[in-house]
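Below is one structure, written out as structure tokens; the observations come after it.
The values are calculated or read from the model by the stated rules, or taken from the named source; none is laboratory data. Just so it is clear, the model here is predicted, and its values are computed rather than measured. All Cβ positions, even for glycine, are placed from backbone atoms using ideal geometry, and neighbour counts span all protein chains on display. Calculation scope for accessible area: heavy atoms of the full protein, side chains included, ligands and nucleic acids excluded. Shrake-Rupley method; radii C 1.70, N 1.55, O 1.52, S 1.80 Å.
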Amino acid sequence: MGTLWNGVNVKVVEVSGEQGVGKTLFGMSIDPENTVMIDLEDSSAAYDIPIKKRYSLYEAIAKGEIKVDKDLGVPKPIDCYLWFKGIVDKIKDGEFTVMFVDPLADIEAGLVAWVEENPGKFGATDNEFKKASGLKWGAVNSFWKTFGGTISAKVETFVYTNHMGLIWSSSGSPTGKKKAKGKEALTKICSLRLELEKTFNKETGKQNDIPGAKVIKARFAKSEFIEG
């Protein structure tokens with residue numbers, strides 16, 4: 001049993017929601033003194049929370065730690081992914097209780113690009129990936145699911161955030177509904193998926209400080225055997 005979550009093992013947590021609902025604050029507040037955060041938007045800079053270790057994508061770019069495309073002037077997604085993987089590889093098992101990635105989109109885009117550039121590692125050729133998109137996405141999902149599992153094995157809880165995106169109908173028109181962005185691979189190993197949302201005082205109509213949350217998925221339990 002872990003030391004977090006009242007003794008229940010909650011290995012992977014996805015936190016989604018619109019801007020300003022508290023996604024970053026949620027991830028930073030689980031166990032700050034034992035948290036390693038990988039901040040892709042510097043959104044944590046607004047909070048005075050003394051987390052154990054913080055990596056900033058923007059600071060890494062400024063320091064020249066990430067390769068920058070000379071035409072774009074910023075890193076390509078694949079370089080953001082390689083920077084992220086380098087951080088994960090250096091973390092020792094049990095060094096932190098929480099790894100928090102905020103948000104995950106740039107890392108996922110880079111992972112897809114890396115898989116596309118390395119078809120041979122997945123038993124395919126570049127031509128096969130181009131002709132059979134299902135083969136490529138199968139490799140992406142399988143790799144992401146396994147890689148996500150190795151991340152969660154290093155800490156008690158791996159938590160990441162996702163922004164919301166529009167849901168489109170099969171005809172290509174917007175439905176007016178939204179869902180969390182990101183690949184489905186990690187959601188399969190999630191213990192908990194939360195969609196945070198603003199709540200309001202029924203009497204005054206003012207927004208509450210504490211958000212509510214839709215529980216999209218909850219897969220955990222605390223079990224005890226009685227008499228065998």
*With every protein chain left in place, what is the accessible area per residue of the chain in square angstrom, probe 1.4 Å?*
58
_Gyration tensor verdict on the stretch 123-172 (Cα atoms; rounded if a/c is under 1.5, prolate if a/b is larger than b/c, oblate otherwise)_ = oblate
_Mean projected area in nm² (Cα convex hull; one quarter of hull surface) for the chain_ = 18.2
_Prolate/oblate/rounded label for the stretch 126-213 (Cα gyration tensor, a/c 1.5)_ = oblate
*Which whole-Hz couplings ³J(HN,Hα) result when phi for each residue of the stretch 107-118 is put into the Karplus expression 6.51 cos²θ - 1.76 cosθ + 1.60, θ = phi - 60°, listed in order with x for Gly and Pro?*
5, 5, 4, x, 5, 4, 4, 5, 4, 4, 7, 10
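As an exercise, use a Förster radius of 25 Å and the Cβ-Cβ distance of LYS214 and ALA46 to find the FRET efficiency, rounded to the nearest 0.05. Mind dumping the intermediate values first?
On the way: r = 25 Å, r/R0 = 0.99.
Approximately 0.50, to the nearest 0.05.
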*Fraction of accessible area attributable to carbon and sulfur, the chain (%, probe 1.4 Å)*: 51
*Between the DSSP loop rule and a limit of at most 15 other Cβ atoms within 10 Å, which trypsin sites (Lys or Arg not before Pro) in the stretch 1-93 are left?*
LYS52, LYS63, LYS67, LYS70, LYS92
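Can you give the extra length, in nm with one decimal, that the chain gains between GLU184 and ASP69 once fully stretched, where that is 0.36 nm per residue apart less the Cα-Cα distance? Mind dumping the intermediate values first?
On the way: separation 115, 0.36 × 115 = 41.40 nm, distance 2.91 nm.
This chain segment gains 38.5 nm when fully extended.
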*Among ALA46, PHE26, ASN6, which residue has its Cα positioned farthest towards the positive end of the charge dipole of the stretch 1-70, with +1 placed on the Cβ of Lys and Arg, -1 on the Cβ of Asp and Glu, and the dipole taken about the Cα centre?*
ASN6
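Please tell me which of these pairs span more than 31 angstrom C-alpha to C-alpha: LYS23/LYS70; LYS53/LYS198; LYS11/LYS131? Before the final figure, lay out each step's value.
Values: LYS23/LYS70 33 Å; LYS53/LYS198 29 Å; LYS11/LYS131 36 Å.
In this structure, LYS23/LYS70; LYS11/LYS131 lie more than 31 Å apart at Cα.
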*What are the GluC sites (Glu not before Pro) within the stretch 1-68 that DSSP puts in a loop, where the Cβ has at most 14 other Cβ atoms within 10 Å?*
GLU18, GLU65
_Suppose each label sits 7 Å from its Cα in the direction of the beta carbon; what would the LYS76-THR175 distance come out to in nanometres?_
3.4
*Projected onto the charge dipole of the stretch 81-141 (+1 at Lys/Arg Cβ, -1 at Asp/Glu Cβ, origin at the Cα centre), which of LEU111, VAL101, ILE87 gives the Cα projection farthest towards the positive end?*
LEU111
*So which lysines can LYS136 reach, going by Cα to Cα under 18 Å and dropping same-chain residues fewer than 8 places off?*
LYS121, LYS145, LYS183
*asked:* Roughly how far apart, in whole Å, are the Cα centres of the stretch 67-128 and the stretch 1-43?
replied: 21
